[in-house]
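Any read-out appearing in this document is the output of simple, stated calculations on the displayed coordinates, not a laboratory observation. What you are looking at is a predicted structure, and each value in this text was computed from that prediction instead of being measured. Note that we place each Cβ from the backbone using ideal geometry, even for glycine, and neighbour counts take in every protein chain shown.
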Amino acid sequence: MNINYPIVLNGSQNNNLAELRPDKRWPARRVILLLFLIFHSQFLINSVQAQEYTRRPPDLDRLTQELFAEIQSDEVPFEDLYETLLQYYQTPINLNTATREELRGLLLLNENQITTLLRHREANGDLLSVYELQSMEGYDLRTINRILPFVSVLTSNANASRGSLWQRIAREDNNALYLRYERVLQQRQGYTPPTIYQGQPTTRYLGSADKMLIRYRVSHTKDFSVGFSLEKDAGEQLIWNPGNGQLGADYVSAHLLVQERGRLKSLALGDYQLQFGQGLLLSSGFGVGKGAETITTLRRSSVGIRAYSSLLENTFFRGGALTYQVAPRVQATAFVSHKNVDANLQQSLDSLAQFDEFTSGLLYTGFHRTASELANRHQLAETVGGGNTTYTSASGNLAIGATGVFTHYGTAILKRPESYNKFEFSGKENLALSLNYSYVWRNLLLFGETARTTGGGLGTVNGLLASLSTNVDAALLVRHYAPNFHTLYGNAFSENTRNINEAGVYIGLKVRPVARWEISAYYDQFRFPWLRYRASAPTDGHDALVRLAYSPTKTSLLYVQLRQRLKPRDLPADDSNRAIPLPGEQLRQSLLLYYNTALTPQLDLRTRLQASRLRNDLGRPWRSGYVLSQDVGYQINRALKLTARYALFDADDYDTRQYVFEQDVLLAVSVPALYGQGTRIYGLAEIRLNRALTLWLRYAETRYRHQDVVGSGLESIQGSLRSEVKAQLRVKF
């Protein structure tokens, strides 16, 4: 079933959850909707699954602008974000069967909207079209347009009538192979012939400058997923040495996921991810945290087992996991994982040391290009096991879960003897236990998770989301992670990149004063009770944001955003007028102006001005950076779409660098760091050769002013230009 335009059945947009009650209005609406669909019966010739072909692809650029406050770091897990959103696009959530947790996992619906949908289903049965959402209070056109690429409306037994699992895999339309190639056109230092220095050849990359990827995946919603990925990074070799775990490409990943087989809810073999509670112990990596979406992205959802097909080489488990329905309201998950991870092993020089061999930590780059990087490849054996048990009430409003994770390393981890490492994890084993909960009461959502790890370290995160009125949403979150709290696969809400040595309070607000206008804001006060890297004393800081957004039409968006972030760090002795480095109040202020409009159905324009300034301490001079970019997208016809950008940037130094998201080939992410002075341009062509073949071609270049060398070390280029090409072919089966 496919409806190509919205059905407006009720202009009211009142979404007060306390007033949502099944009443006599719903049957009348259903009759109207049924009559409408019968009258337009020409759209009903195909099955509901036909909706899969007409869903427009997600506008990931616009979603990025809405979900993230601004990009200030290369540590944001964009790969996981895109992988998850594209997984939802390729295997959309069925609105007729989705649970509360699955709907939360979208990050695009607030708790009122989720409750409204669930009550509507309970009172009126399955939805007939995704546009039936407009008959529900709280769903405006903006919300519906945001979720359209990621949801579907299917019958609840859509998988049961399609034959055996292998037959369904063979007949699945969401079945594609991706072939990708990319390369930097200029010669980098790492690819020049080695020279002799102090009697030894200088370090060089061992492989070619080509980066190549082969990825295959076939999947269906709540049914199955099968896939594999092979990747060779630039500088890596193609080596066939099965005994050493090298199978041609440097990175090899594969998975099989089966779901909803009676009481067996999920079974994963190969590579997979896990997420329970608020992600304090187990998080899939898909967590937006603080962003311009100040409410819905604050909480995490217990999505359980997820297939892993990303290219990040360190955020997954490898082995097996299953979820089983042990009772009508109780599900249990068990998992085991074993893989070798990168680490630099060292021999102890002290004969009385506890460990003869140790490593100072895991290496997460995933690069194996030089002799030293290859020597560290897969040197540390990691075994992880555990599980989760979750109880969900009949209404779905209450969920309580318990999680346990045990980690064992083949070689001990011993951090360097620095003061800030005093409470860091050391040894071979870590046991972590947690309890999590979520409870919906009227227009409130309470959620949280508390955990204890080996050594007695405690971590807790607790939050509240509330709809104060029909147009006002608020959020409160409190967290505390002790300096000796060690969660190795956790990624709960935090200011730091890890959940350790932090306490804080977050307050968020979203107001829709009139139609088309939205004000969102947050204030986050945080404290670090112990020393950190580049902070030689306990410190505290804050992060605040306010955004004013206006949507003149459903195809345009205008917003202005201000952000201030104070996060102390050590200043150089000569910069702080002190004999030794001590923390100073590093203050960053930023401005973001963004405008997106579709002048015609074919022509799309996007303008962005992003600027920030940074001061290391009170009284010190400001340093600044900005980027101004103009994007143009043009859909020439169904077979050809062109996208291009021209950007100017000027940043005083690396600390004032600007990160700006760029459109890329499908499943790829591009967020370059721009600093110095220059221009950045790119062009992207998407060419549909036929129904089975789609080709993407991309060219990008950064041209610097007043520079004779681009980059540093083995990545340095002689000259002022760095350009790269990328091509990707998708073959749909």
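Residue separation times 0.36 nm, minus the C-alpha to C-alpha distance between ALA639 and THR679: what's the value?
11.4 nm is the gain from fully extending ALA639 to THR679.
So what is the orientation-averaged projected area of segment 287-444, using the convex hull of its C-alpha atoms, in nm²?
For segment 287-444, the mean projected area of the Cα convex hull comes to 13.4 nm².
Restricting to DSSP loop positions (anything but H, G, I, E, B) with no more than 12 other Cβ atoms inside 10 Å of their own Cβ, which trypsin sites (Lys or Arg not before Pro) remain in segment 632-692?
ARG638, ARG691
Helix-only mean residue ellipticity at 222 nm, the chain, DSSP H runs n ≥ 4 weighted -39,500 (n - 2.57), per residue, nearest 500. What is it?
Result for the chain, helices only: -3000 deg cm²/dmol.
Using +1 at the Cβ of each Lys and Arg and -1 at the Cβ of each Asp and Glu in the chain, identify which of GLY248, SER551, GLY385 lies farthest towards the dipole's positive end.
Projecting each Cα onto the dipole axis, the largest value belongs to SER551.
Under a crude label model (7 Å from the Cα following the beta-carbon direction), how far is LEU349 from ARG121 in nanometres?
My value for the distance between the label points is 6.3 nm.
Amide H neighbours of SER152 under 5 Å, counting only residues 5+ apart in sequence or on other chains, H built in-plane at 1.01 Å?
Distant-sequence amide H within range of SER152: ILE93, ASN94, LEU95.
Starting from the Cα of THR454, step 7 Å along the direction of its Cβ; do the same at TYR654; then give the gap between the two resulting points in nm.
So the label points at THR454 and TYR654 sit 3.5 nm apart.
Please work out the C-alpha center-to-center distance from segment 400-473 to segment 213-237 and express it in whole Å.
First find each Cα centre; the distance between them is then 31 Å.
Amide H neighbours of ALA343 under 5 Å, counting only residues 5+ apart in sequence or on other chains, H built in-plane at 1.01 Å?
Under 5 Å from the amide H of ALA343: LEU363, HIS378, GLN379, LEU380.
For LYS428, list the lysines whose Cα falls under 16 Å from its own Cα; do not include residues on the same chain fewer than 8 positions away.
LYS339, LYS415
P(r) of the chain in 20 Å steps, Cα pairs, percent per bin?
P(r) over the chain, rounded to whole percents: 15, 51, 31, 3, 0.
If you stretched the chain out fully between LEU179 and ASP617, how much longer would it get, using 0.36 nm times the residue separation minus the C-alpha to C-alpha distance?
152.8 nm
Taking LYS422 as the anchor, which lysines have their alpha carbon closer than 27 Å to its alpha carbon, excluding any fewer than eight residues away along the same chain?
LYS567
Could you state the number of Å between the C-alpha centres of segment 295-359 and segment 630-673?
34 Å
With a ≥ b ≥ c taken as the square roots of the eigenvalues of the C-alpha gyration tensor of segment 310-400, please select rounded if a/c is under 1.5 and otherwise prolate if a/b is larger than b/c or oblate if it is not?
Prolate shape, in that a/c is at least 1.5 and a/b is the bigger ratio.
Which value, in debye to the nearest 20, describes the size of the charge dipole of the chain about its Cα centre when Lys and Arg Cβ atoms bear +1, Asp and Glu Cβ atoms bear -1, and nothing else is charged?
Rounded to the nearest 20 debye, it is 1700 debye.
What lysines could a cross-link reach from LYS641, if we take a straight Cα to Cα line under 30 Å and drop same-chain neighbours fewer than 8 places away?
LYS211, LYS232, LYS554, LYS726, LYS732
Only Cα pairs under 8 Å and at least 6 apart count here; give the relative contact order of the chain as a rounded whole percent.
Normalised by residue count, the contact order of the chain is 10 percent.
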